[in-house]
Amino acid sequence: MDSIAAIGISRSGTVDATARIGRALAETIFSGMIFANDKLGSQLVRTVIQPGENRMSEAEAFVRAMAAFASGVTIVTTGRAGHRRGLTATAVCSLSADQPSLLVCVNRKASAHDVLVNERYFAVNVLTKAHREIAVMFSSSAPECRVGRFAKGEWGILETGAPALLSAAAVFDCELDRIIDGFSHSILIGLVRSTRLFSNPDDDALIWHGRRFRSVTDLVDPMHRSADGLPLGTAQTFAKSSG
Ligand SMILES: Cc1cc2nc3c(=O)[nH]c(=O)nc-3n(C[C@H](O)[C@H](O)[C@H](O)COP(=O)(O)O)c2cc1C
């Protein structure tokens, strides 16, 4: 029953599983389904997304599948006062600790892209749950969001001069070392010149999962109320229980 293993169900995990079922069911309209009955007596659904099926493009299938990947959220910033730019970014990962470095993938169309490439320094500001609004501001191209980006939160600078969010969970202050062509994006490799831990490491990290901003507690505490105020798994539960 690989679908069981894939979902990793245990009796206590029913809530988590049913939440996935809810979401999976919603997507079955677009693809084939696999039903399985298991000794838990509940019906499981696992979707298989086939690009091209039901007019779904490869890119759409890719974006849908990426929604299953939970990632931390950062604001990547550059530029000096009056010329500061930034964007919300989840395509960020550490590269090496031997030579403290990380990489960020930035869309060439993002207004911060060319400034990042020309200024050759940037900061990666790791967000907590308290920064949900800032994450929205730096991810929306609406004019009012663009102009108001650095008006939210308290910003300082570290070594390179890149804007550092002083309430961020952590800030990596980087010098741009290399740019690699990544199709629609540029892969920027940064050498970390200084690192700051500003807030309590136990602070609730902001997460991007299922195309929504959530926090770690949202994800790990099944009875925790989701963004729409319902216990996680409630609104999305379609599973027929054996009870
Ligand atoms: C959760 C989330 C993560 C994102 N991650 C990235 C990313 O890693 N790289 C990127 O280029 N754009 C990413 N974006 C999109 C940019 O944030 C957005 O296109 C950019 O901020 C637009 O800014 P602009 O209007 O100044 O061009 C992400 C958006 C969201 C909502």
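The values are calculated or read from the model by the stated rules, or taken from the named source; none is laboratory data. Just so it is clear, the model here is predicted, and its values are computed rather than measured. Positions of Cβ are generated from backbone atoms using ideal geometry, with glycine treated the same way; all protein chains shown enter the neighbour counts. In case anyone asks, the SASA skips ligands and DNA or RNA and just uses the protein heavy atoms, side chains included. Shrake-Rupley method; radii C 1.70, N 1.55, O 1.52, S 1.80 Å.
Restricting region 146-156 to residues that are surrounded by 14 or more Cβ atoms within 10 Å (Cβ to Cβ) and among the hydrophobic types (A, V, I, L, M, F, W, C), the residue that is nearest to the ligand (Cβ to nearest atom) is 150. Quick one: how many residues across region 55-102 are part of a loop (DSSP other than H, G, I, E, B) and open to solvent by less than 40 Å² (accessible area, probe 1.4 Å)? Here the count works out to 4. How many residues does region 72-97 contain that are more than 8 Å from the ligand (Cβ to nearest atom) and in contact (Cβ under 8 Å) with a residue 60 or more places away in the chain? So the count comes out to 8.
Can you tell which of 159, 133, 175, 119 is touching an Asp or Glu at 6+ places or on another chain (Cβ under 7 Å), charged (D, E, K, R) and away from the ligand (no atom under 12 Å from the Cβ)?
159
The residues of region 103-115 that are crowded, with 20+ Cβ neighbours inside 10 Å and in contact with a Lys or Arg (Cβ under 7 Å, 6 or more places away or on another chain) amount to a single one, 112.
Contact annotation: residue pairs with Cβ atoms under 9 Å, 6 or more positions apart or on different chains, pairing a residue in region 130-141 that is assigned by TED's automatic domain parsing to the domain that holds residue 170 and of a type in the set (Lys, Arg) with a partner that is within 7 Å of the ligand (Cβ to nearest atom) and in a loop (DSSP other than H, G, I, E, B), are 132/73. Taken together, the residues in region 189-202 that are open to solvent by less than 40 Å² (accessible area, probe 1.4 Å) and more than 16 Å from the ligand (Cβ to nearest atom) amount to 4.
Residues of region 172-188 that are part of a strand (DSSP E or B) and exposed (fewer than 14 other Cβ atoms within 10 Å of the Cβ): 178, 180, 181. Select from region 119-145 the residues that are farther than 17 Å from residue 80 by Cβ and basic (Lys, Arg) and write down the one among them that is surrounded by the most Cβ atoms within 10 Å (Cβ to Cβ). The extreme case among them is 129. Contact map, region 153-164: first residue in the same structural domain as residue 120 (by TED's automatic domain parsing), second residue modelled with pLDDT under 95 and among the charged types (D, E, K, R), Cβ cut-off under 7 Å, separation 6 or more or different chains; pairs are 158/196; 161/80; 164/196. Can you find a residue in region 125-137 that is part of a loop (DSSP other than H, G, I, E, B) and closer than 20 Å to residue 193 by Cα? Looking for residues that are part of a loop (DSSP other than H, G, I, E, B) and closer than 20 Å to residue 193 by Cα, one finds at least one in region 125-137, hence yes.
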